[in-house]
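Note sheet for the following structure.
The values are calculated or read from the model by the stated rules, or taken from the named source; none is laboratory data. All values derive from a computational prediction rather than experimental measurement. A quick note on method: Cβ atoms are made from the backbone with ideal geometry, for glycine too, and the neighbour counts reach across all protein chains shown.
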Amino acid sequence: MVALYHARTFNGIATPGRLIVGGAGVDVFFIISGYMMATIVKRPSFLFDRFWRIYPMWWIAVIPWLFLAPMDGKTLAVSLTLWPIYGGWVSPALLVGWTICFDIVFYLAIAVSMRTGAMPLIGIYFVLVAATLFIKDPILQFLGNPMFIDCLLGAALTKLPADKRLAVPVLLAAVILLAISPPWVASRDFAVHAPASAWRVVYWGIPATLLVYGCLCAEHKLAHRMWTPLVFLGTASYSIYLFHMMVYRELDLPWVVELGAAILVGIVMWWALERPLGAMKPRWKRRVLVPAE
């Protein structure tokens, strides 16, 4: 969805439908991230596992952009660390990294919650969200950004029973809500500024939650082998996400060709780099941490 959003159209004009379907892919990503982080078994190596999953491939993907994009100390810092606040919001040289900045904070919060429980952190977070209404401090606006609500909505889905009878109506509701949402929500700058990004949660976060929940309700159908190619694309999705913008930078072709090339390059990078890097990760002794009540 994100790769579709960034691809050029035949006439170079971004249609509202493409903006909505593609842009909402970020919200779907946050919903899935919240769901997965709430379901995986937490181990002492949780943060290291997340670090190994995110940073090595990110550094490989961002290196060319350090030479292609206008560079200063702040841009270099966020490009290497994925911490975006340096006196204000600073984007990494590879712009799609802005979403990973949010995910890194979410992972850190999960690591803390493994010791404290989730409810104290959720309470603190919503205090920060409320504070953004009155205080314009950049760090506060980042840590209290409503976009994290997407992750919490994904985690909340683990508490809902999947009912196959709800699959079609829930998916239909998600599509309708996305179809009637305004295209202006697609702006990345809009997403990174609190509290205005709450509108994105309303227009795209809620439909994205319904979309993921509908798929969970339909999982008995999605387990069919006809969906195997899409499952494989999901496996390679991080590499596709990181490298599709470089493909688009080098090509000036119809969006269908660009999208196909971006997916193909992402699959190659997954096979050549991401998969071997995953196999190289040091293995820790397995001991489950039980979150505090």
In segment 178-192, residue modelled with the lowest pLDDT [restricted to those that are surrounded by fewer than 19 Cβ atoms within 10 Å (Cβ to Cβ) and over 16 Å from GLY22 (Cβ atoms)]: ASP189
Return the pairs, sorted by first residue and then second, in which the second residue is surrounded by fewer than 12 Cβ atoms within 10 Å (Cβ to Cβ) and among the acidic types (Asp, Glu), the first residue lies in segment 35-48 and is closer than 20 Å to ALA162 by Cα and in contact (Cβ under 8 Å) with a residue 60 or more places away in the chain, the beta carbons are less than 9 Å apart, and the residues are 6+ apart or on different chains. none
Could you list all residues from segment 147-164 that are basic (Lys, Arg) and either without any contact (Cβ under 8 Å) to a residue 24 or more places away in the chain or touching a Pro at 6+ places or on another chain (Cβ under 6 Å) (or both)? LYS159
Looking at segment 132-148, can you tell me whether even one residue there is among the polar types (S, T, N, Q) and in contact with a Gly (Cβ under 8 Å, 6 or more places away or on another chain)? yes
Considering (1) surrounded by fewer than 20 Cβ atoms within 10 Å (Cβ to Cβ); (2) at negative phi; (3) touching a residue at least 40 places away in the same chain (Cβ under 8 Å), say which one ILE63 fails and leave the rest. (3)
Positions within segment 95-124 being surrounded by 15 or more Cβ atoms within 10 Å (Cβ to Cβ), in contact (Cβ under 8 Å) with a residue 60 or more places away in the chain and under 19 Å from HIS193 (Cα atoms), in sequence order: VAL96, TRP98, THR99, PHE102, ASP103, PHE106
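So that you can scan it fast, the table gives a plain yes or no per residue for (1) surrounded by fewer than 19 Cβ atoms within 10 Å (Cβ to Cβ); (2) within 21 Å of the chain's Cα centre (by Cα); (3) more than 26 Å from GLY144 (Cβ to Cβ):
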| residue | (1), (2), (3) |
| --- | --- |
| ILE176 | yes, no, yes |
| ALA196 | yes, yes, no |
| TRP199 | yes, yes, no |
| TYR203 | no, yes, no |
| THR209 | no, yes, no |
| MET226 | yes, no, yes |
| LEU253 | yes, no, yes |
| LYS281 | yes, no, yes |
Is it the case, given these coordinates, that LEU172 is farther than 16 Å from THR99 by Cα and at pLDDT 95 or above? yes
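What about PHE102, is it in contact with a Gly (Cβ under 7 Å, 6 or more places away or on another chain) and either more than 25 Å from MET280 (Cβ to Cβ) or modelled with pLDDT of 95 or more (or both)?
no
Let's see how each residue does on (1) in a helix (DSSP H, G or I); (2) within 28 Å of ILE206 (Cβ to Cβ); (3) modelled with pLDDT of 95 or more; (4) among the β-branched types (Val, Ile, Thr):
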position: LEU4; (1), (2), (3), (4): yes, yes, no, no
position: ASN11; (1), (2), (3), (4): no, no, no, no
position: ALA14; (1), (2), (3), (4): no, yes, no, no
position: ARG18; (1), (2), (3), (4): yes, yes, no, no
position: GLY22; (1), (2), (3), (4): yes, yes, no, no
position: PHE30; (1), (2), (3), (4): yes, yes, yes, no
position: TRP59; (1), (2), (3), (4): yes, no, yes, no
position: PRO70; (1), (2), (3), (4): no, no, no, no
position: VAL78; (1), (2), (3), (4): yes, no, yes, yes
Can you spot a residue in segment 145-161 that is under 17 Å from GLY205 (Cβ atoms) and among the hydroxyl-bearing types (Ser, Thr, Tyr)? yes
Can you say whether ARG53 is over 15 Å from LEU108 (Cβ atoms), among the charged types (D, E, K, R), surrounded by 15 or more Cβ atoms within 10 Å (Cβ to Cβ) and out of contact with any Gly (no Cβ under 7 Å at 6 or more places or on another chain), as far as the supplied structure shows? no
Can you say whether PHE232 is in contact with a Gly (Cβ under 6 Å, 6 or more places away or on another chain), under 22 Å from TRP58 (Cβ atoms) and modelled with pLDDT of 90 or more, as far as the supplied structure shows? no
